[in-house]
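The values are calculated or read from the model by the stated rules, or taken from the named source; none is laboratory data. Keep in mind it's a predicted model, so treat the numbers as computed, not measured. Backbone-built Cβ (ideal geometry, glycine too); neighbour counts: all protein chains shown.
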Amino acid sequence: MEINFKGKRALVTGGSRGIGKSIVQRLLKCGAEVIVLAKNEEGLNQLKQEEPNINPLPCDLSDWDATRKAVESVGPIHLLVNNAAVAALTPFLDVKKSELDWVFSINYQAIVNVSQIVAKGMIERGQGGSIVNISSMSTSVALQDHTSYVSSKGAVDTLTKVMALELGPHQIRVNAILPTIVMTEMGKRAWEDPKKHMKYLVRTPMGHFAEPEDVSDATVYLLSDMAKMVNGTLMYIDGGFMAN
């Protein structure tokens, strides 16, 4: 069955680079109209040059009110991918409140904020919809120096289940994807050193980490009617790490 999103409007947060960019490109190939929300206007402009059909939406997700106005301004959304995330590499004993506030404002609170606006529109139209939250395998495997990041993603997992429970009766499906290490620009900052990543790589039966395309393929599947009875699922994209 070919996935076809023609006539559908998708919103991807943090979609100007890395995993988000791959998701945007995959959605475009499937025929969706794609709105890309990102803080970095330079990155959005560069993506617009590569993918002229996107609709860029510059926005700082840490600003609750500005985010609501931005999302409300784009009109109806049928497919939502909450991908935007930040990470801070800090030992537990050194984590400051300011770091927790920043990380949670993007990785967790922004998902609540954006999803509220989008889901309300879906309910008003009475046509259902699909939401995918990008989480992390690290919610099941502790990562050193990732206190704020791992905690925020753990909140995303439980949020996904609550959203699935409450929005399901409106035919809105909500699922999360939990990737292993992905060597994006952000991933490389944390894991490029073999001394740090080898202990995770050797426990991965497939013998390699994920590529952005591995995440985008799974995302498109969960957004599509091929997954019409998949709701509240936490899907690992980990090469079998969690089976070890």
- Report whether or not Ser135 is crowded, with 18+ Cβ neighbours inside 10 Å, of a type in the set (Ser, Thr, Tyr) and either under 14 Å from the mean Cα position of the chain (by Cα) or at pLDDT below 95 (or both). yes
- Members of the range 1-36 that are among the β-branched types (Val, Ile, Thr) and out of contact with any strand residue (DSSP E or B) (no Cβ under 7 Å at 6 or more places or on another chain): Ile3
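For residues that are surrounded by fewer than 16 Cβ atoms within 10 Å (Cβ to Cβ) and of a type outside the set (S, T, N, Q), scanning just the range 61-73, find the one that is nearest to Lys8 (Cα to Cα).
Pass one, the range 61-73, residues surrounded by fewer than 16 Cβ atoms within 10 Å (Cβ to Cβ): 63-66, 68-69, 72-73.
Going one step further and asking which of them are of a type outside the set (S, T, N, Q), we end up with 63-66, 68-69, 72.
Details: Asp63: 27, Trp64: 26, Asp65: 26, Ala66: 25, Arg68: 21, Lys69: 21, Glu72: 17 Å.
Taking the candidates together, the pick is Glu72.
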- Query: Out of all the residues in the range 88-105, is one or more under 18 Å from Thr13 (Cα atoms) and under 13 Å from the mean Cα position of the chain (by Cα)?
  - Reply: no
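Among the residues that make up the range 168-175, is at least one of them β-branched (Val, Ile, Thr) and modelled with pLDDT under 95? Talk me through it step by step, then tell me what you get.
Within the range 168-175, the first condition is being β-branched (Val, Ile, Thr), and the residues that meet it are 172, 174.
Filter again for modelled with pLDDT under 95, leaving none.
No: the range 168-175 contains no residue that is β-branched (Val, Ile, Thr) and modelled with pLDDT under 95.
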- Message: When the residues of the range 25-53 are narrowed to those that are of a type in the set (Val, Ile, Thr) and more than 16 Å from Ser224 (Cβ to Cβ), which ends up surrounded by the most Cβ atoms within 10 Å (Cβ to Cβ)?
- Response: Val36
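Specify which of the listed residues (Gly187, Gly207) is within 30 Å of Gly129 (Cβ to Cβ) and at pLDDT below 75. Please lay out each step first, then the result.
Details: Gly207 fails: within 30 Å of Gly129 (Cβ to Cβ).
Only one candidate passes the filter, namely Gly187.
Give me the helices (runs of 4 or more DSSP H) completely within the range 1-118, filtered to those with at least 1 residues that are at pLDDT below 95, ordered by residue number.
Passing ranges, in order: 18-29, 41-50.
Does Gly14 count as under 22 Å from Ile237 (Cβ atoms), in contact with a Pro (Cβ under 9 Å, 6 or more places away or on another chain) and of a type outside the set (Ser, Thr, Tyr)? Quick ask: steps written out before the conclusion?
Numbers: under 22 Å from Ile237 (Cβ atoms): yes; in contact with a Pro (Cβ under 9 Å, 6 or more places away or on another chain): no; of a type outside the set (Ser, Thr, Tyr): yes.
No; evaluated as a whole, the condition is false for this residue.
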